[in-house]
Amino acid sequence: MIAQWRNRWLICILLVASIASGCVRDPTGIEDNIPMAASSGIYVLNEGLFGRDNSSLTFYERASGKVVHHYFQQVNPGLRLGDTANSMAVFGDRAFIVMNGSNSIEIMELQTARSLGRIRLDGNPSPRQAVILDDTLGFVTALYTDEVIRFNPVRQTVTGQVNVGPAPEGMAVVHNYLFVANSGLGDIRAGEPGAGTVSIIDWQQGQEVKRLPVLPNCTQVVRGPDGRIYVSGTGSYTAMVPTGIAVIDPVLMAVIDTIQIDDHPAEFVLARHGLGFVLTDSAVVQFDWQSRRVVNARFIPKTHIDASGWLYAIALDESRGELLVANARNFTTNGEVVVFDFSGQEKFRFDTKINPGTLVPFHK
């Protein structure tokens with residue numbers, strides 16, 4: 001099923017026709033006309049459906065267990081996020097929400113969800129992931145135009161571009177370098193030169209200095225607690241190819257190892273204590289990023305969350321010893337977030353809006 005590719009815009013395109021004739025299930029969370037003051041909780045960025053302009057922000061308030069949907073719209077009357085919210089990057093007291101379909105970056109005050117402005121990206125680049133280096137320098141990957149776009153977060157202006165490989169998605173920074181995953185868009189562009197590689201960009205010089213082969217359909221890039229770069233490769237649904245998480249030494253600029261993980265590994269997180277957790281088609285897999293081996297391939301089976309659902313996003317709240325997993329259900333009805341402790345025991349769950357794709361634990 002194409003939904004399993006984790007190329008979310010493809011999922012939504014295929015489902016627009018079916019949603020037009022169906023019904024969206026009413027949320028079970030509490031709709032609130034007056035937004036609360038943000039305190040410790042969880043932000044959930046809901047993608048919505050591609051082309052439907054219905055992305056939204058859900059806020060879960062820990063102290064009361066209260067859920068507020070459409071939180072951004074309530075805090076900012078007359079504004080909406082737009083079409084297909086793909087990711088959220090946090091820098092200091094601000095959040096940068098990348099709007100894939102609307103070709104924009106919404107800048108939001110993290111504590112209040114108050115809008116601070118919006119960066120418009122011309123030419124339909126289809127932005128995916130952003131990183132912010134400082135108050136004057138940020139970067140966002142452009143899926144359609146095969147480049148990384150440089151922007152000024154304060155002036156909210158685009159200041160340049162750097163060409164990379166086909167369909168760039170995830171990105172992380174170490175020292176003076178950006179590490180960018182050229183996904184190849186699953187099987188769609190897998191045969192193109194540069195698909196399944198990581199582009200290394202000297203951000204001070206504004207140019208690509210090296211390109212490393214990693215894994216087919218590489219999408220997420222994470223800087224680990226050890227300073228190394230970790231890149232997930234989801235692989236293919238039409239061919240037998242290597243899958244797992246590649247490990248890059250940023251000093252040597254070389255792949256030094258690959259953690260082999262089956263069943264199409266996608267989004268993952270790394271905890272400081274040495275364990276990592278990655279979503280696959282059927283489970284949350286636990287692995288040791290220090291010894292680079294799988295610890296438990298069925299740490300949290302999908303059946304413990306929703307046998308017919310889809311594991312769609314993951315996040316850590318290490319201060320609380322929690323692992324957060326988003327379930328997109330069938331991609332057309334409202335989703336949910338399930339919170340576990342580090343032993344894999346469920347603590348609680350709450351409903352979201354359609355396609356919860358990014359989870360951000362929030363502490364005042």
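The values are calculated or read from the model by the stated rules, or taken from the named source; none is laboratory data. Values in this document were obtained by computation on a predicted structure and should not be read as measured data. A quick note on method: Cβ atoms are made from the backbone with ideal geometry, for glycine too, and the neighbour counts reach across all protein chains shown.
A few points about this structure:
- From the list Val284, Val278, Val294, Val325, the one residue that fits, being within 26 Å of Ser64 (Cβ to Cβ) and among the hydrophobic types (A, V, I, L, M, F, W, C), is Val325.
- Candidates Asn355, Asn327, Asn334 - the one that is polar (S, T, N, Q) and surrounded by 24 or more Cβ atoms within 10 Å (Cβ to Cβ): Asn355
- From Asn100, Asn124, Asn152, residue being within 24 Å of Val209 (Cβ to Cβ) and among the polar types (S, T, N, Q): Asn152
- If you go through segment 64-90 and keep only what is in contact with a Gly (Cβ under 8 Å, 6 or more places away or on another chain) and farther than 24 Å from Asp122 by Cα, you end up with Val67, Val68, His69.
- Considered as a group, the residues in segment 91-113 that are of a type outside the set (S, T, N, Q) and touching a Gly at 6+ places or on another chain (Cβ under 6 Å) include one that is surrounded by the most Cβ atoms within 10 Å (Cβ to Cβ), and that residue is Met99.
- For Glu61, the conditions (1) buried (at least 22 other Cβ atoms within 10 Å of the Cβ); (2) at pLDDT below 95 are fulfilled apart from (1).
- Of everything in segment 215-239 that is buried (at least 24 other Cβ atoms within 10 Å of the Cβ) and among the aliphatic types (A, V, I, L, M), the residue that is nearest to Thr141 (Cα to Cα) is Val221.
- Scan of segment 291-317 for residues that are part of a loop (DSSP other than H, G, I, E, B) and under 20 Å from the mean Cα position of the chain (by Cα), ordered by number: Ile305, Gly309, Trp310
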